[in-house]
Structure formats: structure tokens, C-alpha cells
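**Q** This structure is in C-alpha cells; I'll ask about it shortly.
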Amino acid sequence: MTSTDPNDPIADALLGESTYERLRVERYALIKRRIPQKLVYQSGLLLALALIVPIAATYPTSVRAAFPGGEPLWASPLVLWLGVYAGGIELGTAACLVAVAIVRRSREPQLSESQAHVLLNVEDVASMFGLATGGFAILLTVGFFSLGHAGGETFQALINSAPRNPYGQTGVSIPVIAVGAAAAISSGVVYLVSRYLAPKSQ
């Protein structure tokens, strides 16, 4: 893309050679950030998901006793599957954003308006699912795990009031520590990819 005014990115996009950037500026989108910045946000969300490990590791004794074997890090509670679902959304949508960025760079400046619209549609859907749906699921997961620090009585009252114990062991054994470690590693990978793509998106 030929730069016109580095201090005015909107004018630069409108007057530049990139069809993709011009249409991106002209169209409405709830999340207007460029792909590298969106990936940074997703990296942050994955890092937030990894917080379930230190949260669970520091539970008081009364809360730890509610988990099988008194070891919450090695338990596979029902609520953990919300985090697994959220992490999968983040990784899937991050992969979509990276694919959009790669396709865009490989085809410009010959990218047609119809092709650019398709890429922008994919980017918008991936952004909404990753940052909104996935982000909300991660916040819920971290919130449920954080309730263990509200005290043993509060924690037990939550279990008793729920139709199904959200901290009960599930049939498929994926421990908390494994999900947290995978989220932390994924966060680092997504962040590195965002830094790699950053100069290419200018």
C-alpha cells in the first residue's frame, strides 16, 4: 500500500492502493482494530484463561476438599469444559484471522472488491466469536474458579443451589493444570504471530 499520510490512517487507507484497507475503513464493524491488534486481545484472553491454574492452586483447604482427592489442579470439573470450549473458540478464530491476513497479503494489490468483502466478512465473524463469545466464556470460567476464594461456606452453598455440581468430576479426564498450561502456551504463540503480522498489515 502506498502511504499518503502516516498521521491519518483513515485517509491513508482511503487513498492507498489496498482495496482491503479501503473497504475495511468504509464498512461498519463493531471491532475496527487491525488483525494483529485483535490477535493481541485474543492472546490476553487466553492468558486470562491460564489464570485458573494459580487460582485453583491457592484454594483454601475447605474448598480443596470439594474436589476429587482434594487436588483441584488434577480434577476435571464440569465448569472446566466451559474453558475448554472458550479456548477452542479463541484458537479457531485466531487461525481464521491469520488465514485472512495471509490471503490478503498474498493477493494484494490484485485483490478484487468481492474478494476483499469475503475476507472482511470472515474477519468480522471470527472477531465477534473470538473476542465476544469466547471472551465471555473465558470470563465466566475464571469467575467460577474464583468463587472458590469466596470461602468454604459460600462455595458449598453454590454447589448445593446448582441443579448440577459445576465442580463435580466429569467422565472425560482433562485436568485443570493441562487446560491452563495449554492456554498459556497458546497465548504466547498467538502473541508472537500477532507481532510477526504487525509490520505486514501497515
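**Q** Report, ordered by the first and then the second residue, all pairs with beta carbons closer than 9 Å, sequence separation of six or more or different chains, a first member in segment 106-132 that is closer than 22 Å to residue 49 by Cα and of a type in the set (Ser, Thr, Tyr), and a second member that is open to solvent by less than 40 Å² (accessible area, probe 1.4 Å) and in a helix (DSSP H, G or I).
**A** Listed by first residue and then by second, the contacts come to 127/35; 127/38; 127/93; 127/97.
**Q** Can you tell me which residues in segment 162-197 are outside any loop (DSSP other than H, G, I, E, B) and charged (D, E, K, R)?
**A** Of everything in segment 162-197, just one residue is outside any loop (DSSP other than H, G, I, E, B) and charged (D, E, K, R), namely 195.
**Q** Just checking, how many residues over segment 186-202 are open to solvent by less than 30 Å² (accessible area, probe 1.4 Å) and of a type in the set (Val, Ile, Thr)?
**A** Summing the residues that are open to solvent by less than 30 Å² (accessible area, probe 1.4 Å) and of a type in the set (Val, Ile, Thr) in segment 186-202 gives 1.
**Q** Now, a different point. Within segment 84-110, how many residues are in a helix (DSSP H, G or I) and farther than 19 Å from residue 191 by Cβ?
**A** 7
**Q** I'm trying to understand the selection: among the residues of segment 80-103, which are in contact with a Lys or Arg (Cβ under 8 Å, 6 or more places away or on another chain) and open to solvent by 10 Å² or more (accessible area, probe 1.4 Å)?
**A** Within segment 80-103, 101 is the sole residue that qualifies.
**Q** For segment 159-185, name all the residues that are touching a Ser or Thr at 6+ places or on another chain (Cβ under 8 Å) and either of a type in the set (Val, Ile, Thr) or surrounded by 13 or more Cβ atoms within 10 Å (Cβ to Cβ) (or both).
**A** 169, 170, 172, 174, 175, 176
**Q** Sticking with this structure for a sec: Give me a count of the residues in segment 119-158 that are among the β-branched types (Val, Ile, Thr), farther than 16 Å from residue 183 by Cβ and surrounded by 14 or more Cβ atoms within 10 Å (Cβ to Cβ).
**A** 2
**Q** In the list 115, 110, which residue meets the criterion of being within 30 Å of residue 26 (Cβ to Cβ) and open to solvent by 70 Å² or more (accessible area, probe 1.4 Å)?
**A** 110
**Q** Give me the pairs: first residue in segment 143-159 and more than 20 Å from residue 51 (Cβ to Cβ) and in contact (Cβ under 8 Å) with a residue 24 or more places away in the chain, second residue in a helix (DSSP H, G or I) and of a type outside the set (Asp, Glu), beta-carbon distance under 7 Å, and six or more apart or on different chains, which are they?
**A** Pairs that qualify, where the first residue is more than 20 Å from residue 51 (Cβ to Cβ) and in contact (Cβ under 8 Å) with a residue 24 or more places away in the chain and the partner is in a helix (DSSP H, G or I) and of a type outside the set (Asp, Glu), are 152/62; 152/63.
**Q** Looking at segment 13-33, is at least one residue at pLDDT 85 or above and surrounded by fewer than 18 Cβ atoms within 10 Å (Cβ to Cβ)?
**A** yes
**Q** Continuing with this model, one more query. If only one of 150, 132, 157, 162 is among the aliphatic types (A, V, I, L, M) and within 23 Å of the chain's Cα centre (by Cα), which one is it?
**A** Only one candidate passes the filter, namely 132.
**Q** Based on this model, can you work out whether residue 60 counts as modelled with pLDDT under 95, more than 21 Å from residue 88 (Cα to Cα), of a type outside the set (Val, Ile, Thr) and in contact with a Lys or Arg (Cβ under 7 Å, 6 or more places away or on another chain)?
**A** no
**Q** Would you mind stating whether residue 89 is more than 19 Å from residue 30 (Cα to Cα) and among the hydrophobic types (A, V, I, L, M, F, W, C)?
**A** no
**Q** Okay, moving on. Which of the residues belonging to segment 34-56 are open to solvent by 50 Å² or more (accessible area, probe 1.4 Å) and in a helix (DSSP H, G or I)?
**A** Residues satisfying the conditions are 37, 41, 47, 54.
The values are calculated or read from the model by the stated rules, or taken from the named source; none is laboratory data. On a predicted model such as this, the values are computed, not experimentally measured, just so you know. Please note: Cβ atoms are built from the backbone with ideal geometry, for glycine as well, and neighbour counts cover all protein chains shown. Just the protein is used for accessible areas: all its heavy atoms, side chains included, with ligands, DNA and RNA removed. Shrake-Rupley method; radii C 1.70, N 1.55, O 1.52, S 1.80 Å.
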